[in-house]
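Working notes, structure below.
The values are calculated or read from the model by the stated rules, or taken from the named source; none is laboratory data. This is a predicted model, so every value here is computed, not measured. Cβ placement follows ideal geometry from the backbone for every residue including glycine, while neighbour counts extend to all protein chains displayed.
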Amino acid sequence: MRPASAPGASAGVRLAVDVGTVRLGVAASDPAGVLASPVETLARGRGDLDRLCTLVRERDAVEVLVGLPRTLAGREGQSVTMAREYAAALSERIAPVPVTLVDERLTTVLAERQLQAAAAGGKRRGARARRAVVDQVAAVGILQSWLDSQAAGRSGRGGIPSPSAAAADPGGVA
């Protein structure tokens, strides 16, 4: 059995957000920090930050992880800029709850593959419903990967401080 939380990591519910141009996938951990589960998919735009703030309060989240979609080569493109801006806006709204950017390479691709494999023997969903579920599964992937790395005593696949944390401590890494 693995430890509930890694040294230095506090116990408590964590949320993860997969930021897309159209939708946000949201996942949450159990309080022990062992298992990530899908929560919901939010439409981007009016009200999405309000809903995330509500989820943080309702679940007493101790941290929010936002996926940083770097390329396989580690480069940062327009999607990374969008995720960083979203994380900064969220950080302002939910302070003092920290927002941490984490490497999310391949989570959406893996989520789509998992759902395709699951659909092979079951009922097929419409394209829109499938995309909404993909966003949640991607958020679960981001969070579960981070939880597993914490349990293994690592710092969390590319944990990067949020823009507000970086400004407060330019030399620090989350």
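Per-structure values
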quantity	calculated
Residue in segment 93-100 that is in contact with a strand residue (DSSP E or B) (Cβ under 9 Å, 6 or more places away or on another chain), in contact (Cβ under 8 Å) with a residue 24 or more places away in the chain, in a loop (DSSP other than H, G, I, E, B) and within 24 Å of residue 151 (Cβ to Cβ) present	yes
Residue check for residue 76: acidic (Asp, Glu), within 21 Å of residue 141 (Cα to Cα) and at pLDDT below 95	yes
Within segment 1-40, tally of residues that are polar (S, T, N, Q) and at pLDDT 95 or above	2
Residue check, residue 71 modelled with pLDDT of 55 or more, assigned to a helix (DSSP H, G or I) and exposed (fewer than 13 other Cβ atoms within 10 Å of the Cβ)	no
Qualifying residue in segment 101-110 (condition: over 23 Å from residue 51 (Cβ atoms), part of a helix (DSSP H, G or I) and either of a type in the set (A, V, I, L, M, F, W, C) or modelled with pLDDT under 85 (or both))	yes
Residue 32 being in contact (Cβ under 8 Å) with a residue 24 or more places away in the chain, within 12 Å of the chain's Cα centre (by Cα) and more than 16 Å from residue 94 (Cα to Cα)	no
Tally of residues being touching a residue at least 60 places away in the same chain (Cβ under 8 Å) and surrounded by fewer than 18 Cβ atoms within 10 Å (Cβ to Cβ) across segment 39-68	1
